[in-house]
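Data block below; observations after.
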Amino acid sequence: MAELSPLIKPLARLGGGLLALLLPALAAGAEGGEEAVTPARRVAEATQGLAQSLGGQIGEIGEAFSALEAEALGPQLLELALQLTDLALVILTAVGLLLLLRPAVRPLFGRIERWARGGDERLRAVRRTAGVLGAALADAAVVLVAWVGGYAVALFALGDFGAIELRQSMFLNAFLLIEALKALLRVFFAAKHEHLRLIPLGDALAAYWNTRLARMAGLIGYGLLFLVPLARRTVSTGLGELATLLVMALAFLYALYLALRNRRDVRERLHAQAAASELLFTRTVLALLAHLWHWAVIAYFGALAVVTVTRPESALPFMAQGTIQSVGAIAVGALLLLTLEQATARRIRLSEAKRRRFPMLEQRLNGYVPIVLKGVRAVILVSAVALVLDAWGLLDFTGWLGSPAGLGLISTALSVALILAAATAAWLIAATWIEYRLNPDGGRRSRPTAREQTLLTLFRNALAVTLVTVTVMIVLAEIGINIGPLIAGAGVLGLAIGFGAQKLVQDIITGVFIQLENAIDVGDVITAAGITGTVEKLTIRSVNIRDLAGTYHFVPFSSVDSVSNFTRHFAYHVGQYGVAYHEDIDRVIPELQAAYEDLKQDPEVAPALRDDFAIDGVTTLGESSVDFRVRIKTEAGMQWAVGRAYNRLVKKRLDAAGIEIPYPHRTIYFGHEGQEAQQALEQRFGGAPGVRATPDTPGPDSQQGEEDA
């Protein structure tokens, strides 16, 4: 093989030395002394050096070809061909097994896809994720079987039994890595299985990118991991350097072609994804990536080519590790983000029975769960970006995670997340229970009373304030903020507020005891602070009353000395009915009782009667009537309706019985000399009821009558 070295070394130096000659010449002016070197001079010097180098390299190549003509290369080339025959058999075995096994497992991919897109809609994201992982494992298993088959042939069928040549091992290792990378690419760009593809692309576009990226992976991987080491070991180091230069030049040109050809299409798709995203950070990143992605690809492959050519020993492992870590972080992050996005796209649905018992539970779950999932998505996105930066040495993320600061921050973040989750769960459980108690259609045997509604509403408000306050305090303490001064300041502030707002404190204290004693409920008719009306709203410090005229009164409890509740337990209709003095009172009582019997036949008010009717008899001898008092026991709040209905029936009964319901009477006395006036008055009113002339004996009103006259 030594005879090939004079030809290979000049060819290798020819490609690698072009860039090396230009850079020192262009930078010479920066190191110049007192004399300034113009750009034109630097370009001329660089051109001169390049021409001289090219001439020298071409001369060396010509001398090498001249030397080759004088040498006999037959035995060396034959030896090289014999050595490569075993390698070709290993290559044919591994590649042949891969090509045979892939069609055999293709029906398995179809079954996995059908399973992934079937089943319950709520588990579709989970099934798709499991399907993608299953397909990737099946694809990796095919690669592993082909790799094991190649190793078996190399160990037991070629050469010494149980021994393997280094060149065979180099190919098999490169085969395993490159085909595994292609299997990972198929996770994103599965050409024939839409539901086993992470990136939402059409079949044609997915096949396009899968083919191009697989070619790029094969070119770089097999070139740098197999062809270059084989050339260095089998022929010479110079040929290996030349092979490295050619491989990376082809890879860079191919990447440049793909980036420039597809920059518009990819930009439009990234803009569409940014518009559909709900997170501002995601929209910003995708918008920037839409305009810069092709430059990033060109810069990546350009840096890979330059570093691989100039520093092949350390550059390739670094670039390979960075690429694999970046691709892995992006793949896992994309898989998790896609799963969460599908999970947040669907609303949580409860059964009809649960919605009837807990009307607000579904709304609360659909309000809380997306917020939590968005927070998880943000954590995944930040972690993926940090891992990509760590892969290229721009951020020591893995080292920071193992440091005390990183562990402390992660511990604090987890503690805060658990505290917030516990507080949210406590509020969700308490609010749902209160909602169940307040729901009249919740399936309970009895409807909630007005007192339950009031107290549970107040309890819900107090619980919300308490939970928020305690959670904020615990979170502040967990992140390292000393809450002692905050508590002391809150105590001082509360004391100052207490002195400055004594009425407010009195309102609250009085309201607490009124609620504990069950004095007022929403819907009650009360008299408080001289105002009578219906309670429409009740808080811890005030009661809002709407009176009969519709006026809405806000009454703070500090102004309430007593409360009269007209709608508690039961009530009485107390009626005062008067008849004329000349009527027989024994005829009146049966008529009042008959009116009550008629009242019990009224379908509107009869259910409100408590069957407790009492006539207290004659209670007052008034100026113009004899008054009877009646009490009818009713349901709470129905005393007014019952009274109106009973008054109507009493009037009808007394009229039918000919019993006079009097109105005020006045006796006018004109004295002994006013006989003519009396007669004229009687003739004018025709003896109308209530007009009575008393010509003889003056009565108790005679003096007043004289004064009126």
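Miscellaneous remarks
- A straight chain from Leu516 to Ala275 at 0.36 nm per residue would run longer than the Cα-Cα distance by 81.2 nm.
- With a Förster radius of 30 Å applied to the C-beta separation of His582 and Arg610, the computed FRET efficiency comes to 0.25.
- With R₀ fixed at 45 Å, the C-beta to C-beta distance from Leu394 to Ala204 puts the FRET efficiency at about 0.80.
- Legend: residues Glu583, Glu165, sorted from most to least accessible area (1.4 Å probe; ligands, DNA and RNA excluded), read Glu165, Glu583.
- For the cross-link pairs Lys354/Lys633; Lys537/Lys651; Lys354/Lys600; Lys503/Lys537, the ones whose C-alpha atoms lie over 31 Å apart are Lys354/Lys633; Lys537/Lys651; Lys354/Lys600.
- Cα-projected label distance for Trp433 with Val369, points at 7 Å along beta-carbon direction, nm: 2.3 nm
- Estimated inter-spin distance, Leu407 and Ile661, nm [label 7 Å along Cα→Cβ]: 9.3 nm
- Straight-distance crosslink candidates among lysines, where the alpha carbon sits under 19 Å from Lys182 and sequence neighbours closer than 8 are dropped: Lys192
The values are calculated or read from the model by the stated rules, or taken from the named source; none is laboratory data. Computed from a predicted model, the values in this text were never measured in an experiment. Counting neighbours? That spans all protein chains shown, and the Cβs are built from the backbone with ideal geometry, glycine included. Protein only, heavy atoms only, side chains kept; ligands, DNA and RNA dropped before computing areas. Shrake-Rupley method; radii C 1.70, N 1.55, O 1.52, S 1.80 Å.
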